[in-house]
Amino acid sequence: MKIAVTGATGFVGRHLCAALLERKHSVVALTRDPGKAPRGTEAKAWDAKDAEALKKATAGCDAIINLAGENIFAKKWDAGFKLLLRSSRVDVTKACVEACRAEGGPKTLVSASAIGLYGPRGAAPVDEEAVGDQWNLLSSVCLEWEYESRRAESAGVRTCIIRTGVVLGRDGGALEKMLPPFRAGFGGPIGSGAQGLSWIHIDDLCGIYVKAVEDAAWKGVYNAVSPNPLSNRAFSSALGRVLRRPAFFPTPPFVLHFLLGEVASLLTTGQFVLPKRTLEGGYAFRYPEAEAALRSLLGVPEARTA
């Protein structure tokens with residue numbers, strides 16, 4: 001297949017392009033800076049504001065994988081950045097849909113979303129059948145993001161929406177930010193630690209995208225999370241064990257709010273999300289357990305028992 005990827009130079013995009021190339025697909029990397037496109041891809045310069053250019057860039061492609069979106073933790077959420085969080089997702093998705101609807105355009109759209117759509121939840125797990133609401137800015141953006149993706153369906157475009165959890169990788173994502181305090185011996189849960197942390201290994205996230213683009217039976221919403229979500233406290237303990245460092249120094253919520261502002265609420269709340277449709281669709285997780293996932297990423301072998 002010939003697959004166009006928006007957000008190809010980002011953390012997930014780099015890994016996904018490599019996974020697609022390994023599967024012998026032809027990959028068109030759509031980026032503002034072709035010089036940063038992953039090796040082996042066909043780089044095409046594209047300004048996210050130019051919908052017509054996207055139609056031309058994706059003509060002849062079989063599918064678009066849409067990963068575009070500003071990093072939600074890039075800075076404090078002022079009014080301008082909130083607009084960017086929305087436009088970098090919603091407006092780009094609109095352009096992808098129009099490209100798919102165009103004559104000769106791709107007939108498969110696999111578009112990113114986030115489990116933030118479910119909003120803050122208690123201990124009860126949720127799956128793809130749970131209804132999102134406008135809990136906060138992120139959930140509101142996700143609702144609009146997915147609404148735009150679904151517009152492709154009316155034109156006969158096979159559409160998959162991938163609601164992604166906390167992504168763990170060695171060269172980016174959440175783990176990169178978690179490691180410094182743990183390695184310094186001051187790691188621990190955030191607040192009470194009772195909030196859900198629905199995580200996924202970067203290899204499994206890429207595997208889900210590959211499955212979605214290759215399997216014609218996949219349509220609709222899929223959660224990209226491990227089948228074994230943990231509390232923030234339990235995840236912190238697992239990371240501490242892998243690093244052989246203490247994990248009992250909690251970070252008070254007020255400290256995060258002081259440092260990060262409004263976005264801190266995404267860390268002090270959470271949800272336990274299950275990949276029900278993902279499993280039903282036949283995806284087999286390589287890393288279903290957090291400790292094994294962390295060991296693989298950090299290069300720490302499993303502890304031997306006597």
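Throughout, read-outs are computed from the coordinates displayed, never taken from laboratory work. A quick note: this is a predicted structure, and the numbers were derived from the prediction, not measured.
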**Message:** Can you give me the C-alpha center-to-center distance between region 31-86 and region 228-287, rounded to a whole angstrom?
**Reply:** 28 Å
**Message:** Given region 1-129, report the % of alpha carbon pairs whose separation exceeds 16 Å.
**Reply:** 64 percent
**Asked** On a 0 to 90 degree scale, rounded to 10, what angle separates helix 11-22 from the longest Cα axis of the chain?
**Response** 60 degrees
**Helix-only mean residue ellipticity at 222 nm for the chain, each DSSP H run of n ≥ 4 adding -39500 (n - 2.57), per residue, nearest 500** = -11500 deg cm²/dmol
**Sequence-distant residues sharing a close amide H with THR164 (under 5 Å, placed H)** = SER113, ALA114, ILE115, ALA224
**Request:** Multiply the residue separation of TYR147 and GLU52 by 0.36 nm, subtract the distance between their alpha-carbon atoms, and state the gained length in nm to one decimal.
**Result:** 32.1 nm
**Karplus (6.51, -1.76, 1.60) ³J(HN,Hα), θ = phi - 60°, over region 115-126, in Hz, Gly and Pro reported as x** = 5, x, 4, 6, x, x, 10, x, 7, 6, x, 10
**Request:** Among the listed pairs LYS2/LYS276; LYS211/LYS276; LYS75/LYS177; LYS49/LYS211; LYS94/LYS276, give every one whose C-alpha distance is greater than 18 Å.
**Result:** LYS2/LYS276; LYS49/LYS211; LYS94/LYS276
**Complete:** Any aspartates and glutamates whose Cα falls less than 16 Å from that of LYS76, other than same-chain ones fewer than 8 residues away, would be GLU262
**Amide H partners (placed H, <5 Å) of ALA43, local residues excluded** = ALA29
**Request:** Quote the convex hull volume per residue of region 162-268, based on C-alpha atoms, as a whole number of Å³.
**Result:** 110 Å³
**Integer Hz, Karplus 6.51/-1.76/1.60 couplings in order for region 164-170, x for Gly and Pro** = 9, x, 6, 8, 9, x, 7
**Asked** Which residues' amide hydrogens lie under 5 Å from the amide hydrogen of SER231, considering only partners 5 or more residues apart or on another chain, with H built in the peptide plane?
**Response** LEU197
